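Take this structure, written in structure tokens, and hold onto it; I'll ask about it next.
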Amino acid sequence: MAKRKPAKQSKKNSQLAVIFWLVFAIVIISIFMLNIETIQKNFNLFWSRMTGVPGAEEEHLEMEEEPPPASTVVIEPPPVPPTPPPAEPQRTEPERPPTQPSTQPVTPARPLQPVTPPERPSAPPPAPVQTRERSIYFTHVGSDGQILHSRVTRRIPVSSSPMQDALNVLLSGPTSDEVGRGILNLIPQNTRILSAAVRGSTAYLNFSEDFLYNTFGVEGYVAQLRQIVWTVTEFQNVRDVQFLIEGRRLDYLGEGIWIGSPIGRQSF
């Protein structure tokens, strides 16, 4: 048993030596592989020195310079403001020779003519109003004191109600010139014609209540009826008149003067 132990021990030592040299070789190869570029550069440098090629050493030295690390902060110089372009030199124009006065006569400028605006078309003149002569009857007192009718002529505008227009002229009374000639209106003042209509040959005339009050007595009532009857019967289609007061037919006017039926010229 004492003789076998050294053999095993030697075998174990040889294995450890093999492993050591194997690891050593792997480390050497790894180092060589990691530094292959540096080794190659040094070899090239050595070879260039041996061969004596000028400039090769400087070239290899430049190649050996390592670039700055990525973390290096590069400070850029501040931007230089652009310089303004040089100002152009002012050009001086040569002096012009003085111009000689022209011998041609100068025509004076024409005076400005006032501009007249265009004339606007004037509005057409209004159409002339058509009129027609109508006979109006007032009252005249004769030299013997008798009350008579007096006929005057008026030009009345033509309308759709000529009878009512004639009665309105009658109610307005005579002119100042006619009054100077003794012409009177015995119809009570403030009397108004409310409506006028013709049925057959009878004119139905509706007066206001003022028509009932005449201050001249019986002769005044007769005169006011005659003025109206003679004025209305000037129309060819009217022969008599039916008097109405505020739309009502009354039998008598004043002191027993009959107006309950149509009255014509023959009634006076």
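Carbon-plus-sulfur fraction of the accessible area of the range 117-211, 1.4 Å probe, in percent?
About 50 percent, which is the carbon plus sulfur part of the accessible surface.
From the backbone phi of the range 12-20, what are the Karplus-calculated ³J(HN,Hα) couplings (6.51 cos²θ - 1.76 cosθ + 1.60, θ = phi - 60°) in whole Hz, Gly and Pro given as x?
Karplus-based 3J(HN,Hα) across the range 12-20 equals 5, 5, 5, 5, 5, 5, 4, 5, 4 Hz.
Also, quick follow-up: Report the calculated FRET efficiency for Ser261 and Val218 (r = Cβ-Cβ distance, R0 = 22 Å), to the nearest 0.05.
The calculated FRET efficiency here is 0.70.
Hey, another quick one. If you roll a 1.4 Å probe over the heavy atoms of the protein chains, what accessible area per residue do you get for the range 127-176, in Å²?
60
So between His149 and Leu16, what do we pick up on full extension, going 0.36 nm a residue minus the alpha carbon distance?
The span from His149 to Leu16 would gain 30.0 nm if fully extended.
What residues qualify as long-range amide H neighbours of Leu186, i.e. H under 5 Å apart, gap of 5 or more or another chain, H built at 1.01 Å from N?
Here Thr139 satisfy the definition.
Pull up all non-local amide H partners of Ile245: gap of 5 or more, or a different chain, and H-to-H distance under 5 Å with H placed in the peptide plane.
Phe207, Leu250
Please list, short to long, the whole-number percent of alpha-carbon pairs of the range 182-268 in consecutive 5 angstrom bins beginning at zero.
Per 5 Å bin, starting at 0, the Cα pair percentages come out as 3, 15, 27, 29, 19, 7, 1, 0.
Now a separate question. Output wanted: per-residue J couplings in Hz (rounded whole) for the range 35-46, from phi through Karplus 6.51 cos²θ - 1.76 cosθ + 1.60, θ = phi - 60°, x for Gly and Pro.
Per-residue couplings from phi come out as 10, 5, 5, 5, 5, 5, 5, 5, 5, 5, 5, 4 Hz.
The values are calculated or read from the model by the stated rules, or taken from the named source; none is laboratory data. This is a predicted model, so every value here is computed, not measured. Cβ sites come from the backbone with ideal geometry, for glycine too, and all protein chains shown count toward neighbours. SASA here: full protein model, heavy atoms, side chains in, ligands and nucleic acids out. Shrake-Rupley method; radii C 1.70, N 1.55, O 1.52, S 1.80 Å.
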